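What follows is a short report on a single structure.
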Amino acid sequence: MKDFSLESSICKAYNTETLWNIVNHALQIASGDGSLKEHPYERLVRDARVNMIFEGTNEIQRMFIALSGMEGPGQKLAQLARAFKDPIGEMGVIYDYVAAKVSHTVNADRLTLSDPLLRDEAAGFEQGVKALAATVEAALRKYGRHIMDEPFLQKRVAEIAMNLYVQVACVARATAQIHALGTEKAQMEMRLCKAACRNARATVNQLVEICDANDDDEIRKIANFTYKSGGYFCPLH
């Protein structure tokens with residue numbers, strides 16, 4: 001049986017938060033009436049909110065997504081580090097790593113089964129995969145095993161992976177509909193795909209950029225000081 005735990009975690013975290021945003025906006029549109037039991041909104045908000053806690057909180061899901069995705073590259077880098085201690089005896093390991101890097105640079109992962117009408121969306125996904133690989137490798141080189149102590153980074157890596165999954169799922173769905181219904185009848189599927197991919201691609205680009213330039217250290221210092229102070233520490237006069 002194939003292991004779909006990573007995909008399941010992505011679906012759980014992304015879908016429960018998407019549902020929460022939908023019902024939260026619905027209640028906002030309903031205004032004051034949204035809080036009345038005569039309408040379904042207040043119940044939907046309560047039900048949607050608990051989904052982000054049950055069956056493993058979404059924070060735990062993100063940690064699992066990030067660390068699971070880093071496990072393979074981490075093992076390769078650890079093997080490479082050992083190889084450099086004996087470069088003559090372990091030349092095969094070093095060669096394999098360099099060859100893989102060159103191959104990935106020249107022939108990045110491609111969506112070969114996507115419909116030609118969705119080539120821009122497929123290309124955006126491919127660029128995102130390449131950016132994620134570079135981000136993960138840079139993070140592992142910087143933190144090594146201490147990556148476990150970097151929750152901000154884990155969250156960003158997980159959300160990059162989640163948004164890449166959204167893109168490939170949308171492209172796969174739209175491609176299937178185009179093939180099943182024809183281009184004319186699948187117009188709405190294509191519009192949804194393009195909009196979702198454009199939004200997810202922008203999110204990925206933003207997250208990749210923040211991985212390199214962020215305020216993580218400052219936030220840690222503020223949080224630690226607040227915790228040690230026992231509460232809000234700024235004077236009120």
(message) Exactly one condition in (1) at pLDDT 90 or above; (2) farther than 22 Å from GLN61 by Cβ is false for LEU153; which is it?
(response) (2)
(message) Could you tell me how many of the residues in the range 1-51 are over 21 Å from LEU67 (Cβ atoms), of a type in the set (A, V, I, L, M) and assigned to a helix (DSSP H, G or I)?
(response) 11
(request) Considering only the range 199-237, state which residues are surrounded by 10 or more Cβ atoms within 10 Å (Cβ to Cβ), part of a helix (DSSP H, G or I) and among the charged types (D, E, K, R). (result) ARG201, GLU209, ASP216, ARG220, LYS221
(message) Could you list, ordered by first residue, the pairs with Cβ atoms under 7 Å in which the first is in the range 10-31 and touching a residue at least 40 places away in the same chain (Cβ under 8 Å) and the second is acidic (Asp, Glu) and surrounded by 11 or more Cβ atoms within 10 Å (Cβ to Cβ), at least 6 apart or interchain?
(response) LYS12/GLU55
(message) assigned to a helix (DSSP H, G or I), surrounded by 19 or more Cβ atoms within 10 Å (Cβ to Cβ) and among the basic types (Lys, Arg): is that true of ARG156 in this structure?
(response) yes
(request) Inspect all residues belonging to the range 52-59 and state whether any of them is in contact with a Phe, Trp or Tyr (Cβ under 7 Å, 6 or more places away or on another chain), in a loop (DSSP other than H, G, I, E, B) and among the aliphatic types (A, V, I, L, M). (result) yes
(request) Return yes or no: is ARG191 farther than 21 Å from CYS11 by Cβ and at pLDDT 95 or above? (result) yes
(request) Would you be able to say whether some residue in the range 21-37 is of a type in the set (A, V, I, L, M, F, W, C), touching a helix residue (DSSP H, G or I) at 6+ places or on another chain (Cβ under 8 Å) and at pLDDT below 90? (result) yes
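The values are calculated or read from the model by the stated rules, or taken from the named source; none is laboratory data. What you see is a predicted model; the values in this text were computed from it and never measured. For neighbour counting, all protein chains shown are included, and Cβ atoms are generated from backbone atoms with ideal geometry for every residue, glycine included.
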